[in-house]
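S.K.: Dropping a structure here in structure tokens format, bear with me for questions.
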Amino acid sequence: MEEFNHKYAHKLIWVPWQRPGFELAMMIREAVKRVPAVTASFLAGTGYLPGVTTQRECYVNTITIIDQLGQFVSDHLEHRGAKLFGGSGAPVLENHLALAQDVFPLIRAAYQPSSG
């Protein structure tokens, strides 16, 4: 988050997952106190809170940050030669299409509701 904030001049904060309610509100309040003029807050497993006051600012802020996050990920992939989400865990079989054509009808038949 720090690298992204520095590169794009944002003040995004991350709040760990917490059930909705008073404790989450207190966690957000403390995080915002530590980072004055927050651009936006990301709540783990919950979502995104734009740090703005109007609908227009919310829209522009959200679209801008999403676009910049996409660019940030793309830049990291280029510079590190990494694959998005780690790439595949196993090589693709050469006969994967023929195998799928053989297996899928069996799976479909196994999950058909019984007519009795």
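S.K.: If N is the number of residues in region 2-82, what value comes out of its Cα radius of gyration divided by 2.2 N^0.38 Å?
M.R.: Here the answer is 1.19, to two decimals.
S.K.: Roughly how tilted is helix 96-110, in degrees to the nearest 10 and between 0 and 90, from the longest Cα axis of the chain?
M.R.: In the chain, helix 96-110 runs at an angle near 90 degrees to the longest axis.
S.K.: Can you give the % of DSSP beta bridges in region 2-82 that are antiparallel, to the nearest 5?
M.R.: Just about 50 percent of them are antiparallel.
S.K.: Can I ask one more? Quote to one decimal, in nm, the extra length available between Met26 and Asp102 on full extension: 0.36 nm per residue of separation minus the C-alpha distance between them.
M.R.: The Met26-Asp102 span can extend by a further 21.8 nm.
Readers should treat all values here as calculations from the given coordinates under stated rules, not as data from a laboratory. Remember, it's a predicted structure, so these values are computed and weren't measured experimentally.
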